[in-house]
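Some notes on the structure that comes next.
The values are calculated or read from the model by the stated rules, or taken from the named source; none is laboratory data. Because the structure is predicted, anything quoted here is derived from the model rather than measured. Heads up, the Cβs are rebuilt from the backbone with ideal geometry, glycines too, and the neighbour counts pull from every protein chain shown. The protein model used for the area step is the full one, side chains on, heavy atoms only, and it has no ligands, DNA or RNA in it. Shrake-Rupley method; radii C 1.70, N 1.55, O 1.52, S 1.80 Å.
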Amino acid sequence: MNIKKIVQHDEKSIYGVGFLSLSGFVVWDIDAKTGHINSRDVITHHQELSMNDLIVTESSVISLDRDGKNIVWISLNQQVLQIASIERHIPDGKGRPHLMEEHAGNIFVLKFKNQISLVNLGSSNVPELIQSLQDHSIVSLGIALPGGDKHALSVIQQVSEDKINVHIFMEEGDKIKVSSELVGSDIQRGFVKKAYLNAYTRNDRSHGFRVLVVAEDSSLSLLQQGEMVWNREDGLASIIEASTAELPLEKEGVSVARVEHSLLEWLKGHWLKLKTALMVASVEEAAAVQALRLKSTDKTKMSRDHNGFRKLLVVLTKTGKLYTLHTGDGRIVWSSFISGFRRSGGKLTMLKLLPWQVPHKHAMHENPVFLVAAKVASEENKFGLLAWVDAYSGMEINSVRLTYFIEQIIPLPLTDGAEQRLHIIIDDHANAHLFPATDESLQIFLEHAQSTYFYMTDKEKGTITGFAVKGPQTASPLSPSDGVLFRSQQLWTIMFPSDTERIVTTATRRVDEVVHTQAKILTNQDVLYKYLNKNTLFVATIAPSGAEAFGETSPEENWLVVYIIDTITGRILYRLKHSGMCGPVHAVFSENWIVYHYFNVRAHRFEYSVIEMYDRNRIDNKNMLQFMLGKDNATATLSSYSHVDLDVKTQSYFFSHSIKALTVTSTARGITGKQILVGSVGDQILALDKRFFDPRRTAEPTQAEKEDGIIPLTDAIPILPQFYLSHAYRVEGLRGIITVPAGLESTSLVFAYGVDLFYTHTAPSRIYDSLTGEFNYALLLITIFALLIAIIISWILSERKELKEKWK
Amino acid sequence: MAISGVLSLLPIVVAVGFFTAAIPISGAGEYTIAGRIRHSRAEGLSGNKAPFKTLNIKVILNAGQRVAFVRPDGYFAFSGIPAGTHLLEVVAPGYFFSPVRVDVSARLNGQLQAFLTETRRVISEPLMFEPLREEEYFEKREPFSIMGLLKSPMGLMVGFMVMAVFLLPKLMENIDPEEMKRMQEEMRNSPAPSFGSLLQGRTS
């Protein structure tokens, strides 16, 4: 049985059509109720047929011959093969045509290299050309009109970047009625990618049409009667990278927000608010009050606020469009395609969004700039693309096409005079290119070039390789489009045995993380020095057999091995093997600890493990005499080449959910405790206090340990429903969570993205540095007032009493 | 019967690939895991409790490998499952379901045995899943109570001050002015006032 297409002819029979050998059709007539085969007919053609072009309408089977010169069709009732020449009916079609899948009734579409042509195969049994459309055209699926057996099809033709022409082809008896409308479209949406047609009956029994259009930026728009009725920014459902930018400072005297216009409006606003408080307002008035409240609130101002809560969220989506959202209410401030990327051919993949220029000290009046990196892979070669975008206006400042492929982008801790951060881009030959390619940045970088190291992970081969940057090529010119080329030297390689271990996850510390205290002081006056080496890498590998089949493996074939590697020397600082565990593994690395999540095949439950690293080298600092004589090593520089003596503490706990994302809160100065943010499989965000993941937890903590804040050990991490940051909401399709430090030390801003977007604040140690919104100002004022009255009354009383005493 | 009813609705044009047995997915298997999700209390609309709507429930197999939705009567099924031990998680907003370990045995032709990992209970076919508990995402706001106000630190301070201002002078009033002068002299000579002398003063 070789059926390619199926159509229901009427209530009794279904036709299945396929190809028989190279030049014949086979039509199966199947009974709809019983599934029996009524008949099987073979119709052959004297020439070969094109195997890829076949459509079946209600009454005929249409195909092309192999060279694309003729249309070959069979009428299902008569089973007679008929041929028509394409050139005769459609003279101006160039190239080999193909039959498009979309058809409606007897209308079908032929796609040429330069145009698409709609053909009607009516009862006259001769294909007649309805219309040919040039330019970029998208055909919608054909639909059946309500109340009849007429069909309609629509074609969206992109006439120019901001105008589209909507053509509707409707069957009317034997003729096809064509109607076209010109609709303006937003240039920032890109070209139309898909269209869907819908019909409704108007009052006068004629048919009206609506077209739902999916644009290049994944946004949906509904077009009806020549205008766009609504549109949805669904491009935000495909966010891959997110970052934040600061808003501009509030200019003195000039308020960035719109000031309330006049006294009359202010009075009217208050009158409405009074009415709603007294419950006598009508529905419209209540809506107006709500709108007023939203407008005048501070949350939506376009300037920086004191606590650092108002920021701009810049997100990069898969379609190559950048959106900027305001954290106050989530509205889109601007959105635009990166035109430099769209012009390049080939398959475009977005890579990263990095802050390029954050105006601080020297360049206060400039706007922050973001660097967007993408890669293009076409048949000939692959190369990278960079673009610089202004964060306040969305304008593209510059874009370059690199001659190499981007493997990694490493932001350096160096900035040049204009507060632009230096970046080095590693290409697939392990060469480093410095951006911005100016003399000034070259000079700044050369001072530090000797101590620049990087590493590359190859998950397929199972190797991690470390490199050091050598000096620049003496003859390499300063090319602004390629960066300054630096060769690199391979220092070390770690190869994981591919038959027993496969790299599944790596994790490093955040680049901008701030650690407040380098030592942990216990209540028994003991000091534990944290091992704070910024160049450590956490690698988790699992047994290759467990990687694919989660549900079919046994505990004996699975193990999880974790490594902590120093990426400068390649030294493996710690290695731990868990037997009977398998992936998927998620890990987060912060300060001196790592928390990772994996699956325990033996107990068939998920588990968390925590690793904390302490440095034993610095424990000698307790000696007072040494400290006085200056022989202590408290100020010694931490070097990767020095002797490493680690004290590693680990612990594991059960956990009941599987997770999608794992990250940690971050604050401006690192003083506040941390919360581990978990994106659970139920699309909710769970905030677990780091104190649950403390390897010093014991089942019965002593008094000293309790003072330290150690929670008694249980075998599982408790999930209290109040830990859910996303309370009653679910962030549908959760993919990632990012955390950004706010200006206020106690708070961290959390943004989660997936199909839905979710933004909130979290305070891991409760808000200790500002009054919360719950503070009862009214009670305070009443108390002060009452106390004042009490003071006055008691003063009067005491005066009277004194007077009475004097008169005694 | 049902098939013809569905098919006779509209003329459907369906493009089918080749007629083969089943669409192969990763680890093609032949067994089915099916079960029913229900909640013993049909309502759940009081206060913050989320109503038990089967619309919002997803059943996730093997940490996201497969996702199934639930029919209005609570029935769900995964088909094409290979034999082995699988993990089922039921996700419903407002309710907590324990993850279930399901053993599909090849020898007994796809017989299922389910084991709740949180409560360590074994359930056998037909599988029925019930939530372990409801989840309240919001803390209850403390209702306003006068006793609570008095017990709070501010209330205690205010109460103590009121006592100091009004009650202590009443106590002091009963002492003669001469006794008062003697007490003050004593206090000037010796810094610590002794309650003994005060009492003595009263009885004398």
Exercise. Averaged across the residues of A:21-33, what count of C-beta atoms belonging to other chains lies within 10 Å of each residue's C-beta?
Worked result: 1
Exercise. What FRET efficiency would be calculated for the residue pair A:T772, A:R401, taking the C-beta separation as r and a Förster radius of 51 Å, to the nearest 0.05?
Worked result: 0.50
For this session: Just tell me how shielded B:77-83 is by partners: mean number of partner chain Cβ atoms within 10 Å of each residue's Cβ, no decimals.
Result: 1
Problem set entry | FRET efficiency, 1/(1 + (r/R0)^6) with R0 41 Å, evaluated for A:T493 and A:T349 via beta carbons | 0.90
Seminar exercise, completed: Interface call, the range A:550-571: threshold 30 Å², probe 1.4 Å, accessible heavy-atom surface of protein chains, chain by itself vs complex, result A:F550, A:G551, A:E552
Seminar exercise, completed: If amide H atoms are modeled at 1.01 Å from N in the peptide plane, then the residues at a separation of 5 or more from A:I90, or on another chain, having amide H under 5 Å from its own are none
For this session: Return one number: the angle in degrees, 0 to 90 and rounded to the nearest 10, between the long axis of the Cα atoms of helix A:777-806 and the longest principal axis of the Cα atoms of chain A.
Result: 30
Exercise. Going by alpha carbons, how many degrees (0 to 90, nearest 10) lie between the helix axis of A:263-277 and the longest principal axis of chain A?
Worked result: 90
Exercise. If you line up the long axis of helix A:439-448 against the longest principal axis of chain A, both from Cα atoms, how many degrees apart are they, to the nearest 10?
Worked result: 60
Problem set entry | Computed label-point distance, nm, for sites A:Q47 and A:D234 using a 7 Å Cα→Cβ extension | 4.1
Seminar exercise, completed: With a ≥ b ≥ c from the Cα gyration tensor eigenvalues, square-rooted, and the rule rounded for a/c under 1.5, otherwise prolate when a/b > b/c and oblate otherwise, the range A:322-363 is oblate
Problem set entry | Other-chain or far-sequence residues with amide H under 5 Å of A:G308's (modelled H) | A:G743
For this session: Please list the non-local residues whose amide H lies under 5 Å from the amide H of A:D65, H modeled 1.01 Å from N, same-chain partners needing a gap of 5 or more.
Result: A:S50, A:N70, A:V72
For this session: For the range A:640-656, take each phi angle, set θ = phi - 60°, evaluate the Karplus expression 6.51 cos²θ - 1.76 cosθ + 1.60, and give the result in whole Hz per residue in order, putting x for glycine and proline.
Result: 5, 8, 7, 5, 10, 10, 9, 10, 9, 10, 9, 7, 10, 9, 7, 8, 8
Exercise. If each of A:D186 and A:E805 carries a label point 7 Å out from its Cα toward its Cβ, how far apart are those two points in nm?
Worked result: 7.9
Exercise. What does the accessible area per residue of chain A come to in Å², with a 1.4 Å probe and no ligands, DNA or RNA counted?
Worked result: 50
Exercise. Calculated FRET efficiency, B:S145 and A:L646, Cβ-Cβ r, R0 45 Å, to nearest 0.05?
Worked result: 0.25
Exercise. Rounded to the nearest 10 Å², what accessible area does A:T650 show when all protein chains are kept and the probe is 1.4 Å?
Worked result: 60
For this session: Treating the Cα atoms of the protein assembly as shown as identical point scatterers in vacuum, please give the log10 of the normalised Debye intensity I(q)/I(0) at q = 0.06, 0.07 Å⁻¹, two decimals.
Result: -0.67, -0.89
Problem set entry | Protein heavy-atom accessible area occluded, B/A pair - total, 1.4 Å probe, Å² | 3800
Problem set entry | Whole-number percent relative contact order across chain A, with pairs defined as alpha carbons under 8 Å at least 6 apart | 5
Seminar exercise, completed: For the table A:K804/B:K151; A:K352/A:K461; A:K301/A:K375; A:K113/A:K175; A:K33/B:K58, the rows whose alpha-carbon distance is greater than 32 Å are A:K804/B:K151; A:K301/A:K375; A:K33/B:K58
Problem set entry | Whole-percent carbon and sulfur share, accessible surface of chain A, 1.4 Å | 54
Seminar exercise, completed: Looks like the range A:88-188, by Cα gyration tensor root eigenvalues a ≥ b ≥ c and the a/c under 1.5 rounded cutoff (else prolate when a/b is bigger than b/c, oblate otherwise), is oblate
Seminar exercise, completed: Expected integer from the mean partner chain Cβ neighbour count at 10 Å over A:655-664 is 3
For this session: Go through the range A:762-769 residue by residue and turn each phi into a ³J(HN,Hα) via Karplus (6.51, -1.76, 1.60, θ = phi - 60°); whole Hz please, and just put x for glycine and proline.
Result: 9, 10, x, 10, 6, 7, 9, 10
Problem set entry | Highest average packing first - A:752-762, A:75-85, A:329-339, Cβ atoms within 10 Å | A:752-762, A:329-339, A:75-85
Problem set entry | the range A:330-439: translational diffusion in µm²/s, Stokes-Einstein, Kirkwood Rh over Cα pairs, 4 °C, 1.567 mPa s | 88
